[in-house]
Amino acid sequence: MATHETHTYPRPDFERNPLRWQSLNGPWDFLFDDDDAGLSARWHQSGLPSEVQASAAAKTGDGASAQSESITQKIASGTQELIKNNVLSKSADSSTITNAKRQINVPFVFQSPASGINDRGVHEVLWYERSISDLRTAQEKDKGHRLVLRFGAVDYIATVWVNGQHVGGHRGGHVPFELDVTDAIDAAAGAASHRVTVRVYDSAYDLTQPRGKQYWGAKPESIFYTPSGGIWQNVWLEVVPAARIADSSFGTVIQSHDIYSGKLHNTIAVTGRRAAQKLSVEMEASFAGIPVSKTDKISLLRDSDQVSFDLDVRLSEDKRTSLPESLLKNAPLGDEFAWRDGVALWSPEHPQLYDLTIRLIDASGQAVDEVKTTTGMRSINWTKGDGHWRLNDRPYFQALCLDQGYWKDSFMTPPTADALRADVELAKRMGFNGCRKHQKVEDPLFYYWADKLGYLVWGEMANAYQFSQEYVERFNQEWEEAVRLVINRPCIVTWTPVNESWGYTSLKDNVEQRNHIRQLYYQTKVIDPTRSINDNCGWEHVFTDLTTFHDYADGPQLEKTCASLDAILGLKAGRDLFVPAIAGADPGCKHNPGAPIMCTEFGGVNIAPAAGEGEATEERDRDWGYTTATDPEDLLERVSKLVKGVTAGGHCCAFVYTQLADIEQEANGLYSFDRKEKLDSTRVKALMDEAMKAYYARVK
């Protein structure tokens, strides 16, 4: 059952001490504005009305265009027969329609049952409203502390007012933003409560808007699902110092890849600093409760709000003798995959994390801010030229699942904070050591648990489906924000900006589209040179560190393909694996001999329902998989042949099995939509272990 979280701090990966916050999850007033009348009527100043009339003219439209239908046909080819006339129409039965103000359960979207509304109609303009109080104490106000309103994610364009005063907004549906509401609160000095109003615009049809798997048709079908509009991640208030340590979204980067020197390479950013204010930063590290190292105070230069420095996290021999026996039992000092000359290493097998404390200190020597976070030392290498991807200097097979992060009653929003941890545990139970988080930037709590539990994650963003300059601007902004959000998490090992040429329909002959993918590669590499980049997952690579391909053939045919480099590099779904040269205009791209080769989508097997099984419904009849098993034993046999088929050929050093759990009509998960096992997890894990064992036998 989905319940709004009010007690779990949404960002345990970057937590202030002392922590002063209040969840705003729960009931908000909510109103559909189908005529988009609210701005001109100044609802943000007067408050939301009890109801609003929308004209039939505002509720009619063409829905999906012929071009969007063509895009659907191309992408969904080979999945299931598409629904005829599946147009997301704004039709109305009368000349006017009345939208009443009601309550919505934030952070669940109005389309979901968990929201309390469960409306699947077309509503592109949404209004939210609730009261808040000033969390600051009198002492905090005297110190100049600020009150910040934080949103985990709002899809797609949000505008926010407090007491009718505009305090800011954000464009981009998958990344967080925060707004300083102090001045608006102070302007109403003495008021016991303050009104927060949020207007959201989320187009149902605009295919240049990054939307991932959110569908623009009337009913979800094929690989597309019910859309999610509006607030869909946590909302909270937080008291912060005026001058404070910025998180990764605002420039703090902790690079933890240098296991050889044993040093963290840090850039700590500060926000809210007054001009020329004298401030300094210090950092200390501990491991398993044992202090490891601490920097001196490092002063910020007069004209820079960030400072860079290294921190040695190697444990001395003396400190190693103080490590608890329980830790050394699982990660003995003699295990080079767990330790490197006193440096604790992070991996799925040994998810060892350092605790970090960062302090901001004023001219008097007083700490004005303190943040606690974690990091894991681990190196990634994909450039040895021998076809292997390495973790901590060791060839490492990535047995990943495709994880799309949807839940039955709450859609893209986890039903509870525990659900994110549970998904990591469910995947590991079946033998996966990580996931490709597909077409979604997940709630930050997911990456927190991936770090702690030892789970590799490929970072990805929701793609759009039509290319234009507006799309380029939108995607560049949101992709960079997505990368910066999780850049300090050791679980993140690869970036994937684009999937299967979505949004790039003419890569075969369009230089402009190719150049944008190249730009995304370099944009990402400049921000983060420490991780591998998978430019366009599946086919039509333009500029990439990895050779990735998608193949949903059944086991015997997949094994035949994976046994031949020529077959791997051949056409995939009728497309070139690497874009060819365009004479006189573009050099194209080719597989770099020795680059890691990975099958990054395969499987997708569902089970045919037995005759008379369950309740027959139209939705159940639409369940599908790329191939279909007759029963659980047949499914297990097919999974076995598939994973062995990928690894037996000797070319692949990773796979991504589709998928972790069913989603609506795409019933090809290893778990059902409500996370029930379809197969005995111990038997599936044995298959995964056997496949990885075959890989490591060749490496030796």
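Laboratory data are not the source of any read-out in this text; all were calculated from the coordinates shown. Only a predicted model underlies this, so the values are computations on that prediction, with no experimental measurement involved. Glycine also receives a Cβ, built like all others from the backbone with ideal geometry; neighbour counts cover every protein chain displayed.
Of Lys319/Lys384; Lys143/Lys437; Lys74/Lys408; Lys508/Lys560; Lys428/Lys572, which ones are farther than 32 Å apart at the Cα?
Numbers: Lys319/Lys384 34 Å; Lys143/Lys437 42 Å; Lys74/Lys408 27 Å; Lys508/Lys560 27 Å; Lys428/Lys572 30 Å.
From Lys319/Lys384; Lys143/Lys437; Lys74/Lys408; Lys508/Lys560; Lys428/Lys572, over 32 Å: Lys319/Lys384; Lys143/Lys437.
Applying Stokes-Einstein at 25 °C and 0.890 mPa s to the Kirkwood radius of region 399-699, computed over alpha-carbon pairs, gives a translational diffusion coefficient of 123 µm² s⁻¹. Dipole magnitude for region 422-522: about 380 debye, using +1 per Lys or Arg Cβ and -1 per Asp or Glu Cβ, origin at the Cα centre.
Summarising the label geometry, the points placed 7 Å from Cα in the beta-carbon direction at Asp36 and Gln557 lie 4.6 nm from one another. For the chain, the residue among Gln255, Ala399, Thr197 whose Cα projects farthest onto the positive side of the dipole built from Cβ charges is Gln255.
If only the Cβ of Lys and Arg carry +1 and only the Cβ of Asp and Glu carry -1, the dipole of region 399-699 around its Cα centre is close to 1140 debye. Near Leu39, once Lys and Arg are set to +1 and Asp and Glu to -1 for all other residues with Cβ below 12 Å from its Cβ, the sum equals -1.
For region 246-375, the equivalent ellipsoid built from the Cα gyration tensor has semi-axes of 31, 14, 12 Å, listed from largest to smallest.
Computed packing ranks the peptides 550-556, 107-113 as 107-113, 550-556, most packed first, by mean other Cβ atoms within 10 Å.
Over the chain, DSSP H runs of length four or greater, each weighted -39,500 (n - 2.57), average out per residue to a 222 nm ellipticity of -6000 deg cm²/dmol. Peptides 643-651, 283-291, 296-304 ranked from most to least packed give 643-651, 283-291, 296-304, packing being the mean of other C-beta atoms within 10 angstrom over each peptide's residues. Ordering of 438-448, 10-20 by packing is 438-448, 10-20, highest average first (other Cβ atoms within 10 Å, averaged per residue).
With both residues required to sit in the chain, DSSP beta bridges show an antiparallel share near 75%.
Can you give the local net charge around Val371? Use residues other than it whose beta-carbon is closer than 14 angstrom to its beta-carbon, Lys and Arg +1, Asp and Glu -1.
-3
Spread over its residues, the convex hull of the C-alpha atoms of the chain is 169 Å³ per residue. Shown in residue order for region 546-563 are the 3J(HN,Hα) couplings computed by the Karplus curve 6.51 cos²θ - 1.76 cosθ + 1.60 at θ = phi - 60°: 10, 9, 10, 9, 10, 8, 9, 5, 6, x, x, 5, 5, 4, 4, 5, 6, 8 Hz (x for Gly and Pro). By the Cα gyration tensor, region 545-697 has an equivalent ellipsoid whose semi-axes, rounded to whole angstrom, run 32, 20, 12 from largest to smallest. Of all aspartates and glutamates in the structure, those lying under 16 Å Cα to Cα from Lys372, and not within fewer than 8 positions of it along the same chain, are Asp13, Glu15, Glu238, Asp247, Glu282, Glu284, Asp355, Asp451.
Under a model in which nothing but the beta-carbon of Lys, Arg (+1) and Asp, Glu (-1) is charged, the chain shows a dipole of about 1360 debye around its Cα centre.
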